[in-house]
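Heads up: the structure comes next, in structure tokens.
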Amino acid sequence: MASAAEIKPDIHDAHIVNQNEAGDVEKKDSISDSGPHHGEYPANHAINDADRKHYEKYGTYDRYEITEEDCYDELGFSFPTWKKWTILSIIFLVQVSMNFNTSLYSNAITGISAEFSVSAQAARLGAAIFLITYAFGCELWAPWSEELGRWPILQLSLLFVNIWQIPVGVAPNFATILVCRALGGLSTAGGSVTLAMVADMWEPDNQQYAVAFIVFSSVGGSVLGPIVGGFVEQFLAWRWNIWIQLIFGVAVQIAHACFVPETRTTILLDRIANKRRTQGDKEGRPNNIWGPNELKTFKERFSVHEILVTWVRPFRMFLTEPIVLVLSLLSGFSDAIIFMFLQSYALVFKQWDFAVFAIGLSFVAIGIGYFIAWFSFFPAIKRNERLRRDKPNDERSQYEARLWWLLYTAPCLPIGLIIFAWTSTGPPIHWIGPLIGSAIIGIANYAIYMATIDYMICAYGPYSASATGGNGWARDFLAGVLTLPATPFFTNIGGKNHLAYASTILFCISLLLVISVYVIYWKGPELRKRSPFAQQLSAARDETGGRRVSSLPGLYGSRANSFAQQGGSVPTSRRGSVHRGVSEGAEAQRARMRRGNSASSGIY
């Protein structure tokens, strides 16, 4: 197959090939049917000067779409290992900063309550409203990263988040804090974009170490907040909680701007095609090759209808895709339980006369649990990779096997909660008891997030930003909603042992979550069969030898067409074309007529 740089459709060459094959002199130019009358010179019927110039330069009205096969070694999948992990390390910090914002505010509650004469419960509304709007922010930003690219979306998100920190830091009243915290949450792109960058650079078979790394940044950021915040609350004014967030946010935005390139495949295809056309013009060999987004006008890509379709995509996937719905609810309820559980820390450790900064340091126990869970996945990943190699045609080995380690780690959630519950009653029980329970809970929370995210990225590939957006929405929304009732929940249930009884209720709920893990593991193939979107992506990967596709048109507002046709069939050439000045139906018919000719004429 000729390289993309050598592509230059020639009407005369195509005519000669067809004449020799047919044995007659009838003209069957591969692009002659582009004109209004078959066999006539198309330039005579050019609609405008742009059409005429395009034909004179390239010899055809068609613009031939570059595919991943033409430039795979220039895409994110082929970045050197050092480059991939440099990018991922910066994204790690970006994700930590996002989740740092969700938790550090809690240490400003006492100061806000005192300065603005509001109750501590009212002051917690700033934490809850950020989490709730964060949930919707993930959904609103994620699909645009699939249309416009990861880099500009993350830069805009970080910029807006940093801007909204300033009025919170100088707030003259409590209303300003609430409004700007809400806007800050809505401006946060969240893990749906950072996790999608893993899908940009790793194929499904080797993505798991990268997913585990980014998942650790997500859960770790939430724990870092109270650890830092404990010292801030005890030794500094409450506004320093906000300024520290801003300093951290600006630093990671600068690092992201300087060291992280674009990774979204469709955007890279546009750039590569443009570069090859420019190079061809310099060499006097025009290349009629275009990126997927270049084949759509601005109006076609960003009409009101398309904007609404793009924004609705994550919500629609959450509601209509069984995989997204079930796994998101599982992960969301797990995270919500964790956030409720964290609200009890101050109540529990005050019984042992912990100072404010010491209460913050007690969150290190959960971080230790996260570390243990992260490293425990390494042998599980090796086992999973071996299983996929040994059974390449077995669906359960390719997908559900990614949930295998969760079968053993998910029970840590109820185990940790029940240990925490009945060691949190204070002296004479030693304070190490609830810390041990916390570490075990951390193992479960990381494992649930890691396994469900890995499974969803594998199943939804290029649309993992929208799919995992549902997961992020469930986690943040439920956590935000339960932030406000958490403290009354722990203080008003039961009598003397109210802390123990409250955590025991969470233990009972967690048992149901653990049961659902086993149901998902055994019913996973049935859930995927009910998802036409996941099935079409899987079929597309089969057609491309296991490579991840960059888009799938016609479903959930996905408009770029670099891999698949409507209905899910994937042509072996994977060539898409856009015909200038004709209807879509007419173009489709002509494309079918040209398919046989294009193979012999060297046109992709």
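The values are calculated or read from the model by the stated rules, or taken from the named source; none is laboratory data. None of the values given here were measured: they were computed from a predicted structure. Here the Cβ positions follow ideal geometry from the backbone for every residue, glycine too, while neighbour counts run over all protein chains shown. For the accessible areas, the whole protein counts, side chains as well, though only heavy atoms, and no ligand, DNA or RNA atoms are used. Shrake-Rupley method; radii C 1.70, N 1.55, O 1.52, S 1.80 Å.
How do 367-373, 221-227 rank on mean C-beta neighbours within 10 Å, highest first?
Going from most to least packed, we get 221-227, 367-373.
Do the alpha carbons of any pairs in K83/K282; K83/K296; K275/K296; K350/K496 sit beyond 22 Å of each other, and which pairs?
Listed pairs above 22 Å: K83/K282; K83/K296.
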Report ³J(HN,Hα) in whole Hz for each residue of the range 309-314, in order, from the Karplus equation J = 6.51 cos²θ - 1.76 cosθ + 1.60 where θ = phi - 60°; Gly and Pro get x. 4, 5, 5, 7, 3, x
Inter-centroid distance (Cα atoms) of the range 81-140 relative to the range 172-225, Å: 10
Shape call for the range 242-317, from the Cα gyration tensor axes a ≥ b ≥ c (a/c under 1.5 means rounded, otherwise prolate when a/b beats b/c, else oblate), comes out oblate
Using Cα pairs under 8 angstrom and six or more residues apart, how large is the relative contact order of the range 373-454, in percent? 34
Scan around E65 for amide H atoms under 5 Å from its own, H built in the peptide plane at 1.01 Å from N, and keep only partners 5 or more places away or cross-chain. W290, G576
Residues of the range 69-263: accessible area per residue with a 1.4 Å probe, Å²: 32
Let me have the relative contact order for the range 315-537, percent, based on Cα pairs under 8 Å that are six or more residues apart. 37
Histogram of C-alpha separations across the range 116-192, 5 Å bin width, %: 3, 18, 24, 21, 14, 10, 6, 3, 1, 0
Please compute the per residue accessible area over the range 315-537 with all protein chains in place, 1.4 Å probe, rounded to a whole number of Å². 37
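Counting pairs of Cα atoms in the range 69-263, how many percent are more than 28 Å apart?
I get 28 percent for the Cα pairs in the range 69-263 exceeding 28 Å.
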Ignoring ligands, DNA and RNA, what percent of the 1.4 Å accessible area of the range 69-263 is carbon and sulfur? 73
